[in-house]
Amino acid sequence: MARITDLLKTGRTFSFEFFPPRNDEEQARLTRTISDLQPLQPDFVSVTYRGGRSSRERTTRVVIDILGSTRITPMPHLTCVAHPRFELGEIIGGFRAAGLENLLALGGDPLPDEESYQELAYAEELVGLARMLGFESIAVAAHPAGHPKSPDRQTDRKHLAAKLQAADFAITQFFFHVEEWQRLVDELAALGIDKPVIPGIMPITNLASIQRMAQLSGYAVPADVIAQLEKGGDDPQAVRRIGIELACALCSDLLEAGVPGLHFYTLNFSTATREIYSGLGLVTA
Ligand code: FAD
């Protein structure tokens with residue numbers, strides 16, 4: 001299986017993020033989405049991890065399925081939440097034993113009380129554990145605006161630089177202007193870090209849902225982006241079309257700026273990603 005860190009040395013990567021299905025209906029949708037996106041030949045796909053026992057089973061099942069039934073390279077996410085160190089070690093060992101070569105190591109967000117336990121405090125410690133257990137291709141999360149819990153962007157960049165020193169590459173939280181990626185990369189370079197930072201792309205297909213998601217991740221959707229989307233008025237199709245156009249423009253700017261790859265948050269749907277590929281001329285759809 002490909003190591004993403006090796007792929008990044010040879011050129012740009014294109015990748016998708018999925019979340020593990022919670023029921024049969026979501027499973028059917030994910031299966032359809034993977035099948036629809038396979039012709040785009042992603043360099044890798046990543047699978048989120050909410051935390052706790054059920055997440056362990058669900059994420060593991062999806063990555064093993066992808067590994068066994070497609071030629072796509074899957075990368076599981078793993079968070080520090082709701083597992084003691086030894087259990088995180090077991091999970092990482094299980095991923096290695098299954099033949100997985102890539103891991104996205106995360107701090108994670110708190111779960112409800114009964115699963116709020118956290119022995120490792122930060123993603124950086126999880127990177128160290130995964131490295132010790134044999135992973136040679138380890139990704140981490142980067143937050144272009146700074147993590148919402150950080151006192152300021154400078155402090156966040158300092159922690160991110162230390163985390164990236166230990167890891168191999170980063171994937172960002174979603175954002176809407178190329179300048180945000182450029183500023184992140186420049187500020188890391190000033191701290192001596194030049195590892196690849198892959199922008200995460202969230203196509204807006206619905207204004208209310210992106211605002212909800214932005215709120216959850218502690219990031220405000222910029223006013224100019226909202227103003228553009230509001231031009232679609234009450235017509236959901238018009239709003240969606242504007243959202244896809246904005247995502248195409250952002251991807252185009254990012255590619256021109258020399259990004260090492262593009263990572264699409266698919267929410268387990270394929271249409272928006274396929275439309276952006278088509279808009280960018282990446283495939284003749
Ligand atoms: P960390 O790197 O641990 O940072 C968390 C906070 O602590 C930051 O404010 C940081 O500046 C600070 N910090 C870091 N190190 C130190 C230190 N040594 N001392 C003091 N402060 C420090 N969440 C999920 O639950 N599941 C997922 O699958 C998932 N996938 C994601 C994928 C991507 C690409 C991204 C960008 C985010 C994802 N998230 C996911 C969300 C993520 O878990 C949250 O943003 C979480 O709050 C922080 O995770 P992190 O890995 O950035 O944390």
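Who wins for biggest fluctuation among GLU25, GLU275, GLU57 in a Gaussian network model of the chain, springs between alpha carbons below 10 Å? Maximum fluctuation in the GNM of the chain, among the listed residues, is at GLU25.
What FRET efficiency would be calculated for the residue pair ALA98, LEU133, taking the C-beta separation as r and a Förster radius of 22 Å, to the nearest 0.05? After rounding to 0.05, the efficiency reads 0.95. With a cut-off of 11 Å, note down the residues of the range 251-270 whose backbone N falls inside the zone around a label point 7 Å from the Cα of THR70 toward its beta carbon. Correct set: 268-270.
P(r) tail, the range 171-285: Cα-Cα pairs separated by more than 23 Å, 29% of all pairs. With the simple model of a label 7 Å out from the Cα in the direction of the Cβ, ALA220 to GLU25 spans 3.5 nm.
Note the full-extension length gain between ARG183 and GLU256 as 0.36 nm times their separation in residues minus their Cα-Cα distance, in nm to one decimal.
Working: separation 73, 0.36 × 73 = 26.28 nm, distance 1.52 nm.
Taking ARG183 through GLU256 to full extension adds about 24.8 nm, to one decimal.
Between GLY68, GLY200, GLY52, the Gaussian network model of the chain with springs among Cα atoms under 10 angstrom shows the greatest mean-square fluctuation at GLY68. Working note: Karplus 6.51/-1.76/1.60 with θ = phi - 60° gives the range 67-83 the couplings 4, x, 10, 9, 9, 7, 7, x, 10, x, 8, 8, 10, 6, 6, 6, 9 Hz, where Gly and Pro are set to x. Lysine pairs in the range 4-280 whose alpha-carbon atoms fall under 24 angstrom of each other, counting only those eight or more residues apart or on distinct chains, come to 7. As a test of the formula, what do you get for the chain when each DSSP H run with n ≥ 4 contributes -39,500 (n - 2.57) and the sum is divided by the residue count, at 222 nm and rounded to the nearest 500 deg cm²/dmol? Taking each H run of at least 4 residues, the total per residue is -15000 deg cm²/dmol. Comparing TYR219, TYR265, TYR117 in a Gaussian network model of the chain (Cα springs below 10 Å), the most mobile by mean-square fluctuation is TYR117. Computed over the range 4-280, the alpha-carbon pair-distance distribution with 5 angstrom bins reads 1, 5, 12, 17, 19, 18, 15, 8, 3, 1, 0, each value a whole percent. Take the Cα of SER35, step 7 Å toward its Cβ, do the same at GLU87, and the gap between the two points is 3.6 nm. Checking every one of the trypsin sites (Lys or Arg not before Pro) in the range 25-73 against DSSP loop status and a limit of 10 other Cβ atoms within 10 Å picks out ARG71. Charging the Cβ of each Asp and Glu at -1 and of each Lys and Arg at +1, and nothing else, the dipole of the range 4-280 about its Cα centre rounds to 340 debye.
For a modelled paramagnetic label at SER54, 7 Å from Cα along Cα-to-Cβ, the residues of the range 258-277 in reach, with backbone nitrogen under 20 Å, are 267-268. Amide H to amide H, with H built 1.01 Å from N, THR172 comes under 5 Å of ALA142, ILE198, GLY200, counting only residues 5 or more places away or on other chains.
Any idea of the accessible area per residue across the chain, 1.4 Å probe, to the nearest Å²?
47
The values are calculated or read from the model by the stated rules, or taken from the named source; none is laboratory data. Quantities reported herein were computed from a predicted structural model and do not represent experimental measurements. Reconstructed Cβ throughout: ideal geometry from the backbone, glycine too, with neighbour counts over all protein chains shown. Side chains included, ligands, DNA and RNA excluded: accessible areas come from the protein's heavy atoms. Shrake-Rupley method; radii C 1.70, N 1.55, O 1.52, S 1.80 Å.
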